[in-house]
Amino acid sequence: MGKRIIQQARGHGSGTYRVRRMAFRYELKYPAKLSGEGRVLKLINSPGHSAPLAKVNYENGVFYMPAFKGIIEGQKINFGGKESKEGNILRLEDIPVKTSVYNIESRPGDGGVFIKSAGGYGTVSRIVGKDVYVLMPSKKEKKFNKNCRAIIGVIAGSGRLDKPLIKAGKIYHIKKARGKLWPRTSAVKMNVVDHPFGSGRGKRIKSKTAKRNAPPGAKVGLIRPRRTGKKK
């Protein structure tokens, strides 16, 4: 009888594959009220995030946000208003066209969902009625509600991929901190007990399309694909 394949083991939720809770102890969000002023208390290295985080103090407490390029401790940032200065948190309708923004809310008040990784930014491309269109890092335009909030600037840490990792141990600890699967082994290179695609001398690749009635553990590869075969 075969063993649990990696997808089953991860889905079971054991401590081996579960992310460390301490890696995500900083919740990134905006202050509830969009008015007033805050001060950057400290810059934090979070293992669960690719960018450094900024701890910001304001009249109702503290909150955390991805740091922007050029940030310094003790710097003041504004919430609301119409001043398009780096680090300020504004509604999209108040941000001028061609301005770089990041940490954009999906819905007004959700605390920021889009563009949060190091070096990322979007560009406000046009405003049409109640909608604001932002050119995302993928070079595709996305429509947002005009009341969604965003931070002006570019996220810090853009050079994180410039230096090679050198050792396998370094990427191991990076992935381990975030609960990512690494290293990923090709299924056709496994033994037959480890995966339905396993065994066979050399790479005799089996069909990637799983049967509709396949049991858990055998339902791997292409599950209910819309189409198969090479695109012409």
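Could you check residue 64 against (1) within 30 Å of residue 181 (Cβ to Cβ); (2) in a loop (DSSP other than H, G, I, E, B); (3) without any contact (Cβ under 8 Å) to a residue 60 or more places away in the chain and say which number it fails?
With (1) within 30 Å of residue 181 (Cβ to Cβ); (2) in a loop (DSSP other than H, G, I, E, B); (3) without any contact (Cβ under 8 Å) to a residue 60 or more places away in the chain applied to residue 64, the lone miss is (2).
Across region 152-208, what is the number of residues that are assigned to a loop (DSSP other than H, G, I, E, B) and more than 20 Å from residue 11 (Cα to Cα)?
Residues that pass the stated criteria total 23.
Which one of these does residue 146 not meet: (1) loosely packed, with under 14 Cβ neighbours inside 10 Å; (2) farther than 17 Å from residue 51 by Cβ?
Checking residue 146 against (1) loosely packed, with under 14 Cβ neighbours inside 10 Å; (2) farther than 17 Å from residue 51 by Cβ, the one that fails is (1).
Looking only at region 86-105, count how many residues are within 20 Å of residue 51 (Cα to Cα) and in a loop (DSSP other than H, G, I, E, B). Even if it seems obvious, please write down each step before you answer.
Residues of region 86-105 within 20 Å of residue 51 (Cα to Cα): 86-89, 100-105.
Add one more test, that the residue is in a loop (DSSP other than H, G, I, E, B), and what stays is 86-88, 103, 105.
Result for region 86-105: 5.
In region 120-168, which residues are of a type in the set (D, E, K, R) and either in contact with a Cys (Cβ under 9 Å, 6 or more places away or on another chain) or touching a residue at least 40 places away in the same chain (Cβ under 8 Å) (or both)?
Answer for region 120-168, where residues must be of a type in the set (D, E, K, R) and either in contact with a Cys (Cβ under 9 Å, 6 or more places away or on another chain) or touching a residue at least 40 places away in the same chain (Cβ under 8 Å) (or both): 146, 149, 160.
Return the pair list, or none, for Cβ contacts closer than 7 Å from residues in region 98-117 that are surrounded by fewer than 13 Cβ atoms within 10 Å (Cβ to Cβ) to residues that are hydroxyl-bearing (Ser, Thr, Tyr) and modelled with pLDDT of 95 or more, at least 6 apart or on different chains.
98/123
The values are calculated or read from the model by the stated rules, or taken from the named source; none is laboratory data. Here the structure is a predicted model, which means the values were calculated and not measured. Don't worry about glycine lacking a Cβ; one is built from the backbone with ideal geometry, like all the others, and counts go over all protein chains shown.
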